[in-house]
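*Asks:* First, the structure itself, so that you have it in front of you.
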Amino acid sequence: MDLMMPRREPQKAPTEGPSIGPALDIEDVFKALLDDIDFSKLAGGLQLTDWDRDRLERGLTLDLILDGFRAARDVELKSKPRTQLQDSGTLSQYSKAVRRLAEADPYGDPYRRFARLTKADDWTSTSARALAKAGLNRSASHAVLELLPALLEQLSADKDGPVTQGLQEWLRSQYNGSTRHGDLRGSDVLELARALNFLHDFPPDLHGRRAQAGFQKAAEQGRKKKSTAKAKRQSKPEQTPDFDGDYRAELEFHAEIERERKAKSRKTGKRPALTHIRKLEAKRRKAGTDCDWRSEIWKQAVADPSLGDDRRAALAVLMGVGCRPAAITAGVHVVHLKGGLDDEHDRIAVRLPGTKLSDFDFLDQDHLTLKRTEADQEDISELRDDPAVQAFNTKGQAWVWYEFDCATPETRWLAKYVRRQKQAGMPRFQDSDPREQEVLKKLGKDAMCHSRIKWPHDFQDRAALQRKSKSELSVLITSAMSGRIKRLARAAFPELKKGGPQVTGYVFRHAWSADLKEALDDPEDVSRAMAHLSSRTGSRYGVRSQAAPRNRAGNLRIYAAEPRIRAANRFSPGPVRM
């Protein structure tokens, strides 16, 4: 069986020790170690359920150990490293998904809980299931790579010299440095068996290749892949019970259905929040008030003495160009330009840094724990040359420049703020690519002054703040910004105090998407303005019917790092998953 480990010819014993005979092949070593395992002894007196007893007897077999170790190595060597996942916040999402599954299982086993949930009936969306599966694949891979060497060494304690020698040579060929030593507790052995079974039953889908093959097969057969929601409706048809003339029970039944329908309609997402605030805006317009919900919130921001000009500038950027709150954390550059596109308004240019970026450079990075074999290098070279893998792992624009008139209250205030900073000319970027240098040269001809906009944090414990990672700091500042925006929105629209979806920083981004879709005819221009690489991504944001009555995205020029936008394709991979 190919484990990316070449079969070893019999070798002589190391010269530094006594000769103990020829080393065995690794499969022979495993067979010798796994022969006549006493599962009750390995379990360490644990009270095992029938499920766990089956996991032990099935998981600690030659085929599952080899397959599980190979899958675990692939996850660690050929997918995004833990450090990159931690910086992006994905690792935290994995941990939450695994913890929710463990809490929902009566025995605290997330693998068991996942295996007993069906695809159609028990998941809110395909993304929720994919996130949980990716998190469990990560957790299982980590458990296998850490616990399996210790178990094998424990089993080799009473074996003869060639078996021990063969095991040590195999470990040295797979790992950098030493592995875990010492006897495993029963709970550790059970965790290893569960992990091996999960990797066998639900193998990781690296770079979306298995999903891509399924989509292509569906396309060749001329059919669409069913969505989880549709399958859920089909698998659970609504049946009206026979009330046998009891009209009170019938009324209560239909009232309960109506309550469930209203509860589902009261969602707390960004798009429902945008719809809700637009309804409040329309209500005021119907009463005869000229109302723009963003302008109303901006009035509250200007009147709030505790906010300060630096935070007002950050809010003005959020409202004006709908950037991600994380971009404010990284710093947004605003340039005041000579003369407007018309005589009535100032003209500014705004540069957004890339915040949701991803590429496949991690394939070239050496792993700290595992060694890469020649077979690994060949697989990685094949992955790098695969266009589907490149498209799957690459997302986000490294930078986007906007040039537009200041036609709204917040952008006019922002232009005055930049002039007050008195930083002449264009900002300088040491890592700008040739395309951005052309944009800087073009805009620099009319540049008068510039300023870098960030949200100033007011956290008291500076030492604790410095210990936080970039993603943790971004979450803190984004939460602080959203709290301010919620208070300003409630002051502008007291109806929001009664509950329902609330206005946060991302609602401005959805509103910006709606305005762009109304003002621009080309979906690729919308994607560039949203800092996306695929026109499919924009379908998750605000829609044209949610756009402002007055065009807020007019006279807009866009310069993006990558002008080529991938077309939307229903058979292309979705969000990046392992």
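The values are calculated or read from the model by the stated rules, or taken from the named source; none is laboratory data. What you are looking at is a predicted structure, and each value in this text was computed from that prediction instead of being measured. Cβ coordinates were reconstructed from backbone atoms using ideal geometry, including for glycine residues, and neighbour counts include every protein chain displayed. In case anyone asks, the SASA skips ligands and DNA or RNA and just uses the protein heavy atoms, side chains included. Shrake-Rupley method; radii C 1.70, N 1.55, O 1.52, S 1.80 Å.
*Asks:* I'm checking my understanding of the structure. Among residues of the range 377-411 that are outside the structural domain of residue 324 (by the TED database) and farther than 23 Å from residue 534 by Cβ, which one is most open to solvent (accessible area, probe 1.4 Å)?
*Replies:* 378
*Asks:* Find the residue count for the range 328-346, including only residues that are surrounded by 24 or more Cβ atoms within 10 Å (Cβ to Cβ) and under 22 Å from residue 507 (Cα atoms). Spell out how you get there, then give the answer.
*Replies:* Filtering the range 328-346 for residues surrounded by 24 or more Cβ atoms within 10 Å (Cβ to Cβ) gives 328, 334-335.
If we keep only those that are under 22 Å from residue 507 (Cα atoms) as well, we get 328, 334.
Matching residues across the range 328-346 total 2.
*Asks:* Given the criterion outside any helix (DSSP H, G or I) and among the aliphatic types (A, V, I, L, M), identify the matching residue among 117, 91, 131.
*Replies:* Among 117, 91, 131, only 117 is outside any helix (DSSP H, G or I) and among the aliphatic types (A, V, I, L, M).
*Asks:* Please count how many residues of the range 122-164 are over 20 Å from residue 61 (Cα atoms) and under 33 Å from the mean Cα position of the chain (by Cα).
*Replies:* 17
*Asks:* Select from the range 540-566 the residues that are modelled with pLDDT under 85 and open to solvent by 80 Å² or more (accessible area, probe 1.4 Å) and list them in ascending order.
*Replies:* Once the filter is applied, which keeps residues that are modelled with pLDDT under 85 and open to solvent by 80 Å² or more (accessible area, probe 1.4 Å), the range 540-566 yields 540, 550, 551, 555, 564, 566.
*Asks:* Within the range 388-411, track down each residue that is in a helix (DSSP H, G or I) and in contact (Cβ under 8 Å) with a residue 60 or more places away in the chain. Give the derivation first.
*Replies:* To start, the set of residues in the range 388-411 that are in a helix (DSSP H, G or I) comprises 388-393, 409-411.
Answer for the range 388-411, where residues must be in a helix (DSSP H, G or I) and in contact (Cβ under 8 Å) with a residue 60 or more places away in the chain: 388, 389, 391, 392, 393, 409, 410, 411.
*Asks:* Please name all residue pairs, on different chains or six or more residues apart, with Cβ atoms under 8 Å, provided the first residue is in the range 82-110 and is modelled with pLDDT of 90 or more and the second residue is open to solvent by 80 Å² or more (accessible area, probe 1.4 Å).
*Replies:* Once the first residue is modelled with pLDDT of 90 or more and sits in the range 82-110, its partners that are open to solvent by 80 Å² or more (accessible area, probe 1.4 Å) give 101/113; 102/113; 110/99.
*Asks:* Can you name every residue in the range 298-310 that is more than 17 Å from residue 450 (Cα to Cα) and either within 29 Å of the chain's Cα centre (by Cα) or of a type in the set (Asp, Glu) (or both)?
*Replies:* Passing the criteria: only 304.
*Asks:* Give the residues of the range 165-190 that are open to solvent by 30 Å² or more (accessible area, probe 1.4 Å) and without any contact (Cβ under 8 Å) to a residue 60 or more places away in the chain, sorted by residue number.
*Replies:* 168, 172, 178, 180, 181, 182, 183, listed by residue number.
*Asks:* If you don't mind, another one. Can you name the residue in the range 149-164 that is more than 17 Å from residue 28 (Cβ to Cβ) and among the aliphatic types (A, V, I, L, M) and is also most open to solvent (accessible area, probe 1.4 Å) among such residues?
*Replies:* Here the answer is 157.
*Asks:* Where in the range 412-501 are there helices (runs of 4 or more DSSP H), lying wholly inside it, with at least 1 residues that are modelled with pLDDT of 90 or more and surrounded by 14 or more Cβ atoms within 10 Å (Cβ to Cβ)?
*Replies:* Here the list reads 434-444, 470-492.
*Asks:* Could you list, in sequence order, the residues of the range 279-298 that are part of a helix (DSSP H, G or I) and loosely packed, with under 15 Cβ neighbours inside 10 Å?
*Replies:* Answer for the range 279-298, where residues must be part of a helix (DSSP H, G or I) and loosely packed, with under 15 Cβ neighbours inside 10 Å: 279, 282, 283, 285, 286.
*Asks:* May I pose another question? Can you tell me which residue within the range 90-132, out of those that are open to solvent by less than 40 Å² (accessible area, probe 1.4 Å) and touching a Ser or Thr at 6+ places or on another chain (Cβ under 8 Å), is farthest from residue 470 (Cα to Cα)?
*Replies:* Within the range 90-132, the match that is farthest from residue 470 (Cα to Cα) is 120.
*Asks:* Take residue 67 and tell me if it is open to solvent by 60 Å² or more (accessible area, probe 1.4 Å) and outside any loop (DSSP other than H, G, I, E, B). Steps first, answer last, please.
*Replies:* Working: open to solvent by 60 Å² or more (accessible area, probe 1.4 Å): no; outside any loop (DSSP other than H, G, I, E, B): yes.
No: the conditions fail for residue 67.
*Asks:* Looking only at the range 262-278, count how many residues are open to solvent by 100 Å² or more (accessible area, probe 1.4 Å) and either in a loop (DSSP other than H, G, I, E, B) or modelled with pLDDT of 90 or more (or both).
*Replies:* Total satisfying the criteria: 3.
*Asks:* Collect the residues in the range 514-539 that are in a helix (DSSP H, G or I), among the acidic types (Asp, Glu) and open to solvent by 20 Å² or more (accessible area, probe 1.4 Å), keeping them in residue-number order.
*Replies:* 518, 524, 525
*Asks:* Restricting to the range 406-441, count the residues that are within 12 Å of residue 316 (Cα to Cα) and among the polar types (S, T, N, Q).
*Replies:* Total satisfying the criteria: 2.
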